[in-house]
Amino acid sequence: MTHVTIIGGGPGGYEAALVASRLGAEVTLVEREGLGGSTVLTDCVPSKTLIATSDLLTEVGTAGELGVEVPKAVRADLAAVNARVLRLAQAQSTDIAHRLTINNIAMIAGTATIESAAVVVADTADGTVRIDTDAILLATGAHPRVSPTAQPDGERILTWEQVYSLRALPEHMIVVGSGVTGAEFASAYNGLGAAVTLVSSRDRVLPGEDLDAANVIEDVFTRRGMTVMGNSRMESVERLSEGVRVTLTDGRTVDGSHCLLALGSIPNTQGLGLDAVGVDLNDAGFVDVDRVSRTNVRGIYAAGDCTGILMLASVAAQQGRIAMSHLLGDAVHPLELGKVSSNVFTSPEIATVGLSQKQVEESELQIDVAMLPLASNPRAKMQGVHDGFVKLFARTGMGTVVGGVVVGPKASELIHALSLAVSNHLTVDQVADAFTIYPSLSGSVAEAARRLHRLD
Ligand SMILES: Cc1cc2nc3c(=O)[nH]c(=O)nc-3n(C[C@H](O)[C@H](O)[C@H](O)COP(=O)(O)OP(=O)(O)OC[C@H]3O[C@@H](n4cnc5c(N)ncnc54)[C@H](O)[C@@H]3O)c2cc1C
């Protein structure tokens, strides 16, 4: 029987453990913080739970337009919200532990290091455990980047892992960083009723996203009272007696009650013993892997954020599953990044799949584009939805759908139709011919496809 040792209990690790066990391997999983990893305990699950409350308040804010009078003082009790966030995260971690137990996966609570491709050592509360193994999967994740001039104190200068200790809504939250994490938290605290300033070193928010989508979000942010500071690079963040001061590289300062640092992530690849066994890392410290999650060292695989490849829970899980299928001789489908769908959980959301507008513009392919504002959708009108659109990219001539963007409420749900189309090489006619509900937001997905129909 093959013995696999997995380091890290996030989706990259625990999903791999389940697959390996199903394929007949003996599996040991070492985790130092808690099962579910950062995904469940500090990043994805907590932030989306916080955003669920913020979305509810944002929706209540539109009640007047739909003819409902609500008292002015509808507000979130942040202590209760954060208690719920932490409770939910813990419950999900417990569920995962249960699933691993019933699948006969041995779990060790401790910090692992690699001695060789055949030996992992776990440092536990009860001493050192030596694990002889046939293969290793590294799924150690990443942690928030901080700067020497902006040190989090866990009270007013915070990383995204620390915000759930807040007992009251910040009066004025300054979010530094306008990538996905920064934009999501800025949107969330704005929805919860805090004053928010978003400090972006780039000329716009969400520089990595579809330009039309980012423009909608920036416009909504500004309309909802957020201050968005473009071309503003943070130099330092310091504590004042009653708040924080963010100083920019051009000397300007912004004062607020709290500051959230969203400066990106650093892979957890130091101190693991990777140097000694010769595992290649790239310049940023991420583990180099191929499309079946192999490192350059035979028998050592890596999955998830520690590889730096599209840092998403869904991708981490898929990389982990692929690694185990490859190791244990099951059918393997190498990772296809062109089929990954992803979502920015701002209000409204941005969901994307397949080729982006930038890739379309840079590619040699001939691509037709259709873009439909949601404002023209009957369901959107009924629901008071004014912002958002559906955009579709399809190969000229063949009509094959190669990518799409949805901006709107619950775009994360609406994108699935386009994800199916991209994965299965469906044509715009096939997407348009499938019935949608009348009235529905998904009607706009079919209508965008219909606009790309060409006479044979
Ligand atoms: C704020 C935020 C929100 C996000 N929201 C989403 C989202 O909505 N959807 C989405 O798809 N992605 C989201 N992501 C990204 C997602 O969280 C990551 O891509 C995902 O956590 C990666 O999973 P992983 O298994 O690689 O690592 P992790 O989930 O980080 O797990 C790694 C685990 O390894 C453990 N570990 C590390 N070193 C050792 C060691 N030496 N010994 C033992 N254990 C060790 C750690 O304790 C950790 O538990 C979000 C990220 C952030 C920062």
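The values are calculated or read from the model by the stated rules, or taken from the named source; none is laboratory data. Everything numeric here is computed off the predicted structure, so don't read it as measured data. Note that we place each Cβ from the backbone using ideal geometry, even for glycine, and neighbour counts take in every protein chain shown. Each accessible area value is taken on the protein alone, full model and side chains, heavy atoms only, with ligands, DNA and RNA left out. Shrake-Rupley method; radii C 1.70, N 1.55, O 1.52, S 1.80 Å.
The three principal axes of the C-alpha atoms in segment 139-254 carry coordinate ranges of 39, 38, 32 Å, sorted with the longest axis first.
Here the scattering of segment 406-456 is modelled by Debye summation over its C-alpha atoms, one equal scatterer each and no solvent; at q = 0.13, 0.18, 0.19 Å⁻¹ the log10 of I(q)/I(0) is -0.29, -0.55, -0.61. If R0 is taken as 51 Å, the Cβ-Cβ distance between R145 and D456 corresponds to a FRET efficiency of 0.45. Full extension of the segment from Y438 to E155, taken as 0.36 nm per residue of separation minus the current Cα-Cα distance, would add 97.0 nm.
Ignoring ligands, DNA and RNA, please state the percent of accessible area on segment 208-296 from carbon and sulfur, probe 1.4 Å.
Details: 1890 of 4430 Å².
Carbon with sulfur: 43 percent of the solvent-accessible area.
Set against the 2.2 N^0.38 Å expectation for a compact globular protein, segment 270-328 has a Cα radius of gyration ratio of 1.06. Cα extents for segment 1-113 along the principal axes, largest to smallest and rounded to whole angstrom: 65, 25, 20. If the chain linking A63 and I266 were pulled fully straight, counting 0.36 nm for each residue of separation and taking away their Cα-Cα distance, it would gain 68.9 nm.
Once fully extended, how much extra length lies between V121 and R291, figured as 0.36 nm per residue of separation less the alpha-carbon to alpha-carbon distance? Could the numbers behind the result be given before it?
Numbers: separation 170, 0.36 × 170 = 61.20 nm, distance 2.75 nm.
The V121-R291 span can extend by a further 58.5 nm.
Counted as membrane-span-like here are DSSP H helices of the chain whose alpha-carbon atoms extend 27 Å or more along the helix's own axis and whose Kyte-Doolittle mean is 0.0 or above; these are 78-102. Annotation for R379 and E33: the two label points, set 7 Å from Cα along the Cα-Cβ direction, are 3.7 nm apart. Listed by chain and number, the lysines whose alpha-carbon sits under 21 Å from that of K358, ignoring those within fewer than 8 places in the same chain, are K339, K391. Structural descriptor for segment 355-434: relative contact order 24 percent, calculated from alpha carbon pairs under 8 angstrom and at least 6 residues apart. Annotation: lysines with alpha-carbon distance below 16 angstrom to K48 (same-chain offsets under eight excluded): K410.
Bins of 10 Å, beginning at zero and ending with the bin holding the largest distance: percent of Cα pairs per bin for segment 61-207, please. Result returned by the calculation: 8, 24, 26, 23, 14, 4, 1. Considering all different alpha carbon pairs of the chain, the Kirkwood hydrodynamic radius works out to 23.7 Å.
Using the 1.4 Å probe convention, the accessible area of the chain works out to 46 Å² per residue with neighbouring protein chains retained.
With a simple spin-label model that places each label point 7 Å from the Cα along the Cα-to-Cβ direction, the separation between R167 and Q90 comes to 1.7 nm.
Taking the alpha-carbon centroid of each part, what is the distance from segment 4-58 to segment 418-456 in angstrom? Using only Cα atoms, the two centres lie 34 Å from each other.
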